[in-house]
Amino acid sequence: MSTHDAMTAGSPFAPPAASARRRWAALIVLAVAQFMVFLDETVVNVALPSLKADLGFTQPTLAWVINAYMLAFGGLLLLGGRIADLYGRRRIFLAGTAMFGLASLLDGLAMSPEQLVAARALQGVGAALATPAALALITSLFPPGPERVRALSIWGALSGLGFAVGILLGGIITDLASWRWVFLINVPIAIASLEIVPRFIAESRSTTRPRFDVPGAITLTAGMSALVYAFLNAASVGWGAVQTHVLLAVALTLLAAFGVIESRGTAPLIPLGIMRNRRTLVPNVVQFLLGGSLISSFFLLTLYLQQVLGYTPLQAGISYLPLAAGVATATALANRWVPTQGPRRLAAVGLTLAAAGLVVVAHAPANGSYLLNVLPALVLLGFGAGLSFVSITNAALATVDEAVAGLASALLSAAVMLGGALGLAVLATVATARRNSLLDTRATPLAAQVGGLNLAFAVAAVGALIAALIAAMALDRNRAEDNADPKGNDEASTSGQDQPAPRGR
């Protein structure tokens, strides 16, 4: 079989040089296509004050512009990963990208808060299909070992850079054009991806056809949504309100139902064998805490810059340049260090640096300055995020079995999305409660708002430190040389119920 035939037949591990070049070209295409998804998780942050003014959002409901996306994204990722494994990763990637582009168009044309939140949720559904499919395609293209470690390092680097660049672009676009273009820029990227991806990437799927765990996906998404809403609602009506208690009871009931469904189902959304594997469980726990502390803190930092320091969207976006530079520098270093040092040390160091950055901004006063109170925090957060994203991605996926690549990829992405949504709800609630408490002591509105933000940043720092401790104690060190033989012991790869796809059509 020729090299061309091997690639079109879906033989991802073919050795010829032409095949290797095609794999790296495919990685670049997928990474660029997914960059818009990574970017969209933070690009809207700086545009939030403009959104609030134009569409009439209230302060408590404003968080749903972010949470509607993250909940749909995180709640449906596992189902999206299974669909990609079974019905074709390239096909599902293209379907998710098309949905993401359409939803972005609807976002840009929204005329009311309800329309925007609904379109953001649809965006999350598209991302839930496209992201695990893209990462699973990369995992299936590269065999376990140094090449996969390098490919996953590049992917993790773009994840972190997307988060940072999103905030920068959000400020520039909002100030020079309109908040609507924060969403509309995704449309041409999605169209280009739909045109280019089929030319570089062959189809890849698992051979088995188990049932989908639709009840599991519904109960997980609904349970997390109810939990997040309960936290956000408590900021307005209080923790003693009957409404808050009812929402918490509904959330816990749904999440308990999800646990029962997973334990009894013949085709669970999260197979127990995967979650018992430490190389899967620990990175996902760390990723969840990373999302809860870092991603949600960007929302709070934007409020500090614009509502406390009085920055315009453009000034706020430009102020994030050190964060983007820190992420870019750290990911470049991590790409070189992970193959030799392993992810454990780098993840622990990165999360500790991020925690230090959050501690810095937790002490920012109402009359603070960018140079003293914000810049050091951004540099630390940038370096910490860059090291962490690359390290955790490698720890979770470097040795994963190809048959469950979509599911394993979805688990990792779901962890950061659900962590970010829940973390934002918790931190917003903490900030609001602290602000109201300070107002009761006759503090000025500005001082009360800063006090609330300070406490929220401190809570986020504690979350990052806990993640650093877990990474240092429990994350596997699997270096590239440890992964050279993917058939080592039972823990060397994540296994599932499926069998590997055949190497030809």
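The values are calculated or read from the model by the stated rules, or taken from the named source; none is laboratory data. Bear in mind the structure is a predicted one, so any value in this text is a computation, not a measurement. We place every Cβ from the backbone using ideal geometry, glycine too, and count neighbours over all the protein chains shown. Surface areas here come from the heavy atoms of the whole protein model, side chains and all, with no ligands, DNA or RNA. Shrake-Rupley method; radii C 1.70, N 1.55, O 1.52, S 1.80 Å.
Quick look at the numbers
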quantity: Efficiency of FRET from Cβ geometry, residue 474 and residue 54, R₀ 45 Å, rounded to 0.05; calculated: 0.45
quantity: Cβ-defined net charge surrounding residue 24, 13 Å radius [Lys, Arg +1; Asp, Glu -1]; calculated: +4
quantity: Accessible surface ranking that places the most exposed of 175, 85, 476 first, with a 1.4 angstrom probe; calculated: 175, 476, 85
quantity: Table column - 3J(HN,Hα) (Hz), the range 316-330, Karplus curve with 6.51, -1.76, 1.60, x for Gly and Pro; calculated: 5, x, 5, 5, 8, 4, x, 5, 4, 5, x, 4, 4, 5, 5
quantity: 5 angstrom amide H check on residue 213, placed H, neighbours 5+ away; calculated: none
quantity: Exposure of residue 429 as accessible area (Å², to 10), given a probe of 1.4 Å and all protein chains; calculated: 10
quantity: Calculated from backbone phi, Karplus (6.51, -1.76, 1.60) coupling profile of the range 415-428 in Hz, x at Gly/Pro; calculated: 4, 6, 5, 5, x, x, 5, 5, x, 5, 4, 5, 5, 5
quantity: Nearest-10 value in Å² for the accessible area of residue 380, using the 1.4 Å probe; calculated: 50
quantity: Gyration tensor verdict on the range 331-468 (Cα atoms; rounded if a/c is under 1.5, prolate if a/b is larger than b/c, oblate otherwise); calculated: oblate
quantity: Heavy-atom surface of the range 48-109, accessible at 1.4 Å and reported per residue (Å²); calculated: 29
quantity: Theoretical FRET efficiency, 1/(1+(r/R0)^6), r = Cβ-Cβ of residue 192 and residue 446, R0 45 Å, to 0.05; calculated: 0.50
quantity: Most to least accessible of 285, 228 (protein chains only, probe 1.4 Å); calculated: 285, 228
quantity: Fully extended contour minus Cα-Cα distance, from residue 118 to residue 370, at 0.36 nm per residue; calculated: 87.2 nm
quantity: Residue 248 accessible area, assembled protein chains, probe 1.4 Å, Å²; calculated: 40
quantity: Cα-projected label distance for residue 329 with residue 25, points at 7 Å along beta-carbon direction, nm; calculated: 3.6
quantity: Rounded if a/c under 1.5, otherwise prolate or oblate - the range 280-375, Cα gyration tensor axes; calculated: prolate
quantity: Relative packing of 354-363, 237-246, 414-423, 464-473, which averages over residues the other C-beta atoms within 10 Å, highest first; calculated: 414-423, 354-363, 464-473, 237-246
quantity: Highest-first arrangement of 68-76, 299-307, 102-110, where packing means the average Cβ count within 10 Å; calculated: 68-76, 299-307, 102-110
